[in-house]
Amino acid sequence: MHDAAISIRGLEKYYGDFHALKNIDLEVAEKQTLVICGPSGSGKSTLIRCMNGLESYRSGTLNVLGLPVGDDTKVIDQVRKQVGMVFQSFSLFPHLTILENCVLPQIRALGRDRTAATDEAMDQLRKMHVGGQAEKYPDQLSGGQQQRVALARALALKPKIMLFDEPTSALDPEMISEVLDVMKDLARADMTIVCVTHEMGFARAVADRVILMAQGEIVEEGTPEQMFSNPKHQISRDFMAVVNG
Amino acid sequence: MINEALAPPLGASGPAAWLRKHFFSTWYDTAFSLIFAVLIYLALEAFIGWAFVNAIWRVENKHLCTHDAGACWAVIESRGRLILFGLYPYEEQWRSTLACLSVITTIALSCLPRFWSIRRLPILWVAGFATFVLLMRGGFAGLELVTSEKWGGLSLTIFIFSGVVVIGMPLAVLFALARRSSLPVIAKSFGFFIDIVRSLPLLTLLFAAAVVVPLLVPDWLQGNKLMRVVIAFAIFFAAYQAEIIRAGLQSTSQGQEEAAVALGMPYWSLVIDILLPQAFRNTLPSTINQAVITIKETSIVTIIGFFEVMASGNAAIGTGEWGNQYVEVYVFLALIYFVFVFGLSRYGAWLETRMRLGHA
């Protein structure tokens, strides 16, 4: 395989009769940052969730790091160990401390021993500026802190690709930038990133490419400059007008 | 000036103020307080007079036990061993005591969070129950063989209760997980099974286990009657407890399951590390409730010929000699149940506080 981290060809997805993804073709190169935007219900989250097998699809091919993500659960397990994901709702485990939230997945998914896992977890938490919260429980932290813990938890598994599904949509406005800042650091450190977001500032700062989806299709695709200054389609122009205020 | 204006109102403190606030703040508070004070006083006076002051304690004073006298606790001195040990041979009752203590210790230890691990709990239970059975049954090292038909009294009650919970709880987890399985065949058939078990009376199940199973099942599979009854009871318990656990599983957010899956954690880890701890924590009051109901329901095994503590109590007053002392015997039995059930509910309250603080 060459340097395509994610490669999608002719992907079709249905929810019952509803055609959720229509003939998606997409390549994400290694070390690239791809931002997916578009109005709600356009299939952005569905697409990103297909990439680590959280959603199944009807037809087409989907390769992640050279592995075919399909029905084979063993392959999907392999993919998941190399692909981290951060969700809109943080999804920390509320009955475990911040530290244990980051330690347990390393032990269970990778079979690391506890000492190594604890060192790694503390390292990642410090990088996310939440090292001081290690002994607290998730509900004692602000939304912005929780999302950075979720990021540390995913990064502790040393993924090659990070998927972000609207990581700042559930946050209060004043906390959005603290999460975007660590994400920008990650993008600049050459992590391969696919991010569903409406934060155009983030896209402008670090995205190599932006795709815009509507009604299950990729409507437009280009560099951030092209997308923001000169969108070709009417849907893109309408959407950009809305998100840019 | 402003500071002065913002200072909190200086409420009167001390016992007098406390009393006024809680009992005499309005005229009807005062009226209720006085009426209840009088009622409580009268009830307590009557009870203490009956249970302590006028009570007859020793068997040699049995002739004083008349209708006008207080409680005749002599019955407990005379029949206490029958109540506690049932038909268990008199000379061997120390074994029953030790066996009972071993199961109580096992229960107490498994209530401590430090024993809550997949490795420690099973070891603890196997050790505790093996000790119980070896002591009760005997038949080795010079201990007289006592078959389970002769086990009885308090140790039988505790054995049945803890056996039902220890076998029933993992079954309940299994049923609950199967019922929400993504495979419709499994989900539907376990749902149907739970509904069937819940719609049968416990008595029917126990009769079937004691009487019908031996007719249908080959000898080597039958086990003894007590074992069959405990297993049937455990299945009954599990059908109810499974629904409680399922409710707990449903109350954990869908997002956590997805997060665990996306992190590459295996299914068993998702269940054991993430879902079950939260499910038990969220349903603790209902689970304690179920345990309390079960401890009291154990008395139903009398009907298929086991002399648990309630049946032994009835036997104690069944002979003409102590026939008039049924109130004393029932009060004594109530006290025994109370100790266990009250202990259980205090334990539940302690766990809830502990969990609210974020631990466990």
Would you calculate a helix-derived [θ] at 222 nm for chain A, using -39,500 (n - 2.57) for each DSSP H run of n ≥ 4 and dividing by the full residue count, to the nearest 500? -11000 deg cm²/dmol
In percent, what relative contact order does chain B have, based on Cα pairs under 8 Å that are 6 or more apart in sequence? 18
Return P(r) of the protein assembly as shown (all Cα-Cα pairs; 20 Å bins starting at 0; whole %; ordered from short to long distances). 15, 34, 28, 18, 4, 0
Report, in whole Å, the centroid distance computed from the Cα atoms of the stretch A:88-108 and the stretch A:168-245. 28
If each part is reduced to its alpha-carbon centroid, the stretch B:258-337 and the stretch A:13-72 end up apart, in Å, by 51
Sorting check: for A:136-144, A:155-163, which peptide has the highest mean count of neighbouring beta carbons within 10 Å, and how do the rest follow? A:155-163, A:136-144
Of B:A238, B:A16, B:A172, the one that fluctuates the most in a GNM where chain B has Cα springs shorter than 10 Å: B:A16
Which residue, A:G41, A:G216, A:G53, tops the fluctuation ranking in a GNM of chain A built on C-alpha contacts under 10 Å? A:G41
Under Karplus coefficients 6.51, -1.76 and 1.60, residue-wise ³J(HN,Hα) of the stretch B:336-347 in Hz, glycine/proline x: 4, 4, 4, 4, 6, 5, 5, x, 4, 6, 5, 4
Near the amide H of B:L87, under 5 Å away, which other amide H atoms are found, from residues 5 or more places off or on another chain, if H is placed in the peptide plane? B:G152, B:G153
Efficiency of FRET between B:F207 and B:A187 - r from beta-carbon atoms, R0 35 angstrom, step 0.05: 0.70
Scan around A:Q32 for amide H atoms under 5 Å from its own, H built in the peptide plane at 1.01 Å from N, and keep only partners 5 or more places away or cross-chain. A:I193
Taking N as the number of residues in the stretch B:259-360, what is its Cα Rg relative to 2.2 N^0.38 Å? 1.66
Angle between chain A longest axis and helix A:73-82 axis [Cα atoms, degrees, rounded to 10]: 70
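Please state the shape class of chain B: rounded when a/c is under 1.5, otherwise prolate if a/b exceeds b/c and oblate if not, all from the C-alpha gyration tensor.
Values: a/c = 2.15, a/b = 1.03, b/c = 2.09.
Verdict is oblate for chain B.
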I want to verify a result. In a Gaussian network model of chain B, Cα cutoff 10 Å, which of these has the top mean-square fluctuation: B:L263, B:L276, B:L202? B:L263
With θ set to phi - 60° and the Karplus curve 6.51 cos²θ - 1.76 cosθ + 1.60, what are the ³J(HN,Hα) couplings of the stretch B:176-184 in order, to the nearest whole Hz, using x for Gly and Pro? 5, 5, 5, 5, 9, 4, 7, 8, x
For helix A:114-127, report the angle its Cα long axis makes with the longest principal axis of the Cα atoms of chain A; keep it between 0 and 90° and round to the nearest 10°. 60
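Could you please state how large a percent of the accessible area of the stretch A:143-202 is carbon and sulfur, counting protein chains only and using a 1.4 Å probe?
Values: 860 of 1910 Å².
Heavy-atom surface of the stretch A:143-202 belonging to carbon and sulfur, 1.4 Å probe: 45 percent.
Rounded, prolate or oblate: pick one for the stretch A:64-125, where a ≥ b ≥ c are the square roots of the eigenvalues of its C-alpha gyration tensor, a/c under 1.5 means rounded, and failing that, prolate if a/b is larger than b/c, else oblate.
Working: a/c = 2.36, a/b = 1.62, b/c = 1.46.
Prolate is the answer for the stretch A:64-125, as a/c is 1.5 or above and a/b outweighs b/c.
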Roughly how much accessible area, to the nearest 100 Å², goes out of reach of solvent when A and B pair up, both sides summed, probe 1.4 Å? 1700
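Averaged over its residues, how many other protein chain Cβ atoms are within 10 Å of peptide B:263-274's Cβ atoms?
Details: counts 19, 17, 8, 3, 0, 1, 5, 1, 0, 1, 8, 6.
Partner-chain Cβ atoms within 10 Å, mean over residues of B:263-274: 6.
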Row for the stretch B:63-161, column shape: gyration tensor on C-alpha, a ≥ b ≥ c, rounded if a/c < 1.5 i.e. under 1.5, prolate if a/b over b/c, else oblate; value oblate
Compute the angle between helix A:143-155 and the longest alpha-carbon principal axis of chain A, please, reported from 0 to 90 degrees and rounded to the nearest 10. 90
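Could you tell me what percent of the DSSP beta bridges with both partners in the protein assembly as shown are antiparallel, to the nearest 5?
On the way: 20 of 40 bridges.
Roughly 50 percent of the DSSP beta bridges within the protein assembly as shown come out antiparallel.
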For the stretch B:121-134, take each phi angle, set θ = phi - 60°, evaluate the Karplus expression 6.51 cos²θ - 1.76 cosθ + 1.60, and give the result in whole Hz per residue in order, putting x for glycine and proline. 4, x, 4, 4, 5, 4, 4, x, 6, 4, 4, 4, 5, 4
I'd like the mean, over residues of B:250-262, of how many other protein chain beta carbons sit within 10 Å of each residue's own Cβ. 6
Could you list, in their original order, any pairs among A:K13/A:K81; A:K44/A:K158; A:K22/B:K188; A:K184/A:K232; A:K74/A:K158 whose Cα atoms are separated by more than 30 Å? A:K22/B:K188
Taking the alpha-carbon distance from B:K225 and a cut-off under 30 Å, which lysines remain once sequence neighbours fewer than 8 residues away in the same chain are dropped? B:K150, B:K296
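Would you tell me the mean number of C-beta atoms belonging to other protein chains that fall within 10 Å of each C-beta in A:133-140, as a whole number? Present the calculation step by step, with values, prior to reporting the outcome.
Values: counts 0, 0, 0, 1, 3, 1, 1, 1.
The mean count of partner-chain Cβ atoms within 10 Å per residue comes to 1.
Please check chain B for the longest run free of trypsin sites (Lys or Arg not before Pro) that are loop-located per DSSP (anything but H, G, I, E, B) and have at most 11 other Cβ atoms within 10 Å.
Working: sites that count: B:R58, B:R119.
No qualifying site falls inside B:120-360, the longest such stretch.
Nearest 500 deg cm²/dmol is fine: what mean residue ellipticity at 222 nm does chain B get from its DSSP H runs of n ≥ 4 alone, each adding -39,500 (n - 2.57), divided by its residue count?
Numbers: 17 runs with 239 residues, N = 360.
Value at 222 nm, helices only: -21500 deg cm²/dmol.
The values are calculated or read from the model by the stated rules, or taken from the named source; none is laboratory data. No experiment lies behind these values; they were computed from the predicted model shown. Neighbour counts run over all protein chains shown; Cβ positions are idealised from the backbone, glycine included. Ligands, DNA and RNA are stripped out before the accessible areas are found, and what is left, the full protein with its side chains, is counted by its heavy atoms. Shrake-Rupley method; radii C 1.70, N 1.55, O 1.52, S 1.80 Å.
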